[in-house]
Amino acid sequence: MGADVARRQWGAEKITETLPTVHPIPSGMKMALGRLAIVATVLFWAIYVVTTIIREFVNTPGLGFQFTMEAISYLVVVTFLTFSALMHLIARQGAMERFRDHRRTPRAVLDAHFDDGWEGRITVLVPSYIEEPAVVRKTLWSAALQEFPDLRVVLLIDDPPNPTAPELIAALDFARALPAEIEDALATPYASMLAAAEAAATATRGVDGPVSLAVMVALADAHREAVEWIEALADEHTMEDHTDEFFVERVLRDLARELRLSMLALEAAIAQDASITTDRVRQLHARLVRIFKAELTSFERKAWASTSHEPNKAMNLNAYLSLIGGEFTTIETPKGLALVPATSDDEVALSVPESRYVLTLDADSMLLRDYCLRLVERLETPGWERVAVIQTPYSSYRGAPTRIERLAGATTDVQHLLHQGMTYYDATFWVGANAVIRSRALEDIASTEIVDGFPITTYIQDATVIEDTESSIDLGDHGWTLSNYPERLSYSATPPDFGSLVVQRRRWANGGLLILPKFMRQLTRRRRARTPARMGEVTLRVNYLASITWATFGLMFLLAYPYDGRLLSMWVFLAAVPYFLALGSDLRESGHRFSDIFRIYGFNLVLLAVNLAGVLKSLQQAITGEKIPFARTPKVRNRTAAPGLFVLAPWLIIGFSAFTFWRDFQAQNWGNAVFAAVNAILCLWALIAYIGIGRSIVDMSLGAVGFLFVAPRPPRRARAERRIARREPVPLESVDWNSILYHGDRRLGENLRRSSEARRKRGR
């Protein structure tokens, strides 16, 4: 089931070395320049308002209705765009404050915290829908090798349960077999490490103080055995792309290197006739046991009639969350087997153990070895009792083979910094993947409804396609907070082509507007409770939820409307300069290029129609109340075709910008002409670099064919169905007796179909 490896493009990423786990401490100069950038942005905007807008109205009476409307609309657009730039700078400054103050918890402190006797399970949930086998395998391995005392990894398989296509059958069989495969592979080193730990416990029983030389040698030997096993696993792994390199180097070999370093320390202590305490020996043996101790299993919600089959990731997670801590038996229903709570007399068909914490993990994500250890230790620090979610916003894999994946990775790394800064102002949003959640907090936001006679419990909201963001508001309503851990401990894939990027970004653009009123109601309740939110939290959260909307419409206005040249000023340009300089600096420090600021601008022009579609979908849902279907981002190496309209839009932007340039050049409206020329050039560059001329023509052609294609009419109903519709007697052979006996008088299918008129007359 291998996939074609993406051909490396010119301009792709050559560097494969990932960024340091711990962010460097920012210098005093960088902190000062960050504050200066914030002040300069506000100052230049204010100067523009006074010297351009207000001055025009004061010095030139009778400007007319058209100019007044233009001035107001232009000022609104500029103000909103400047506000978003300002929020970026403020969040960035908050991130630097956190990086300056962060001190990494020492290894020995972690080991002592999770010493013998510590109790508390973490359940790792990995939602999966027809994923590429190699992708899921790496994700599960990174979860299974977490150094956590009680770890349970569950692959939530959401594939069709009875596929007919050979490739889907193979994918499903692979997913079902994968947890057992990994658990079996870990069984041998786990047994060996456990035996070594038990032998050490026996040898040190009653010893209070330094241990013997033999115990030290045995501990070093156990480390050597663990290192050799992990390195052998790394050597056996097939290298196909840059994510494989990350898996081998950062997940496997970095773990082996750290254990080898501990082995070196032990050997040095032996050579120096030194010794360590009994407690430390126990802790080091326990660490080796934890590395290889993991329970892996899978769950398929679509196999059960009693779980929600809503086609989204949130309900896939909710289906399993509702089972945690319960024992279930099965009953037969017309729709198949159902899970119901087992009584003492029932045979238990499924038992799901309690879990103090839950970790949600995307199927294309990978964790570094101590992710769970460090985040749970932080949650159990005094003062953190009301933190519901702690996460590390994911970073991008390096060495992207395509230009668009490299640039999407650059924006991901910048977003990582901004999310860290939002925590500084208590404005953290749950970003879904790579998050450790307290089970107690999930219980607080749970809601249950009866569907088809079965209770369906919702923990993570699915009213919008950005379910994690909405759940952040729900947690706040119950007095919980959220936090980002200030290290790079989780990584995830970025879309490799424009088609898959469209799926992702359209989903991101959809939902923020729907959540904003919910957040505003929360602010009202907090004011009434005399616990108002700080200004930083309010502004950052509002910007996070609504900035895509006003940035999209604002940019459209600037592109499409020929504003009066008198409204342009160098002060508008200067107000944007601090943002772009800060962005370029962060890109360069994240291992990217300063010039990526221009590529990102062109990138956003290409995505303008995608963002607009997402915003319009939000408005549609707000008006109709209908849920927008959840679209999954494809995790594939081969190309995903983009909808024709989203490929046509950049061509229209290029053409209109070129026309605008020519028109304003003729009119000697130099400011607008330069702006139009920059837009045309950068959008054309982005189109060529990130979509491709040939691929854009293919996708537009496919879109045109799809638009013109008329699907065949469905076959007419069978004769028996038409008889039922005419209220003729129903042959007993066709009656679904099982459904009638199970559901009572409920009208199911076509067995008891009546016209709507008849139902109204009968009061049904």
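A compact table of results
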read-out	value
Extension gain, Asp279 back to Arg593 (0.36 nm per residue minus Cα-Cα distance, nm)	108.2 nm
Listed pairs Lys14/Lys138; Lys14/Lys617; Lys14/Lys313; Lys138/Lys617; Lys138/Lys302 exceeding 29 Å between Cα atoms	Lys14/Lys617; Lys14/Lys313; Lys138/Lys617
Length added when fully stretched, Leu581-Ala667, from 0.36 nm per residue minus Cα-Cα	27.8 nm
Nonlocal amide H pairs with Leu337, under 5 Å, H built at 1.01 Å	Ala305
Rounded, prolate or oblate (a/c below 1.5 giving rounded, otherwise prolate when a/b exceeds b/c) for the stretch 369-494 by Cα gyration tensor	oblate
Highest to lowest packing among 295-308, 690-703, scored as the average C-beta count within 10 Å	295-308, 690-703
Label-point separation in nm, Ser351 to Val22, each point 7 Å along Cα→Cβ	4.3
Integer Hz, Karplus 6.51/-1.76/1.60 couplings in order for the stretch 80-91, x for Gly and Pro	5, 5, 5, 4, 5, 4, 5, 5, 4, 5, 5, 4
Cα centroid of the stretch 680-703 to Cα centroid of the stretch 484-510, whole Å	21
Computed [θ] at 222 nm, helices only, for the chain once each DSSP H run of length n ≥ 4 contributes -39500 (n - 2.57)	-18000 deg cm²/dmol
Label corresponding to Cα extents along the principal axes in Å when calculated from the structure given, among [x] 96, 89, 58; [y] 92, 81, 56; [z] 90, 64, 56	[x]
Net length gained if the chain between Phe656 and Met556 were fully extended (0.36 nm per residue, minus Cα distance)	34.8 nm
Alpha-carbon centroids, the stretch 234-263 and the stretch 332-400: separation in whole Å	25
Value of Rg/Rh across the stretch 441-587 [Cα atoms, Kirkwood radius]	1.04
Peptides ranked, highest mean first, by Cβ atoms within 10 Å: ranges 603-613, 273-283	603-613, 273-283
Within straight-line cross-link reach of Lys335, aspartates and glutamates at Cα separation under 15 Å, skipping those fewer than 8 residues along the same chain	Asp452, Asp736
Protection proxy ranking, peptides 651-657, 442-448, average beta carbon neighbours within 10 Å, highest first	651-657, 442-448
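Values quoted throughout were computed directly from the atomic coordinates according to the rules given, and no laboratory measurement underlies them. Not measured: the values here are computed from a predicted model. Positions of Cβ are backbone-derived with ideal geometry, glycine not excepted, and every protein chain shown enters the neighbour counts.
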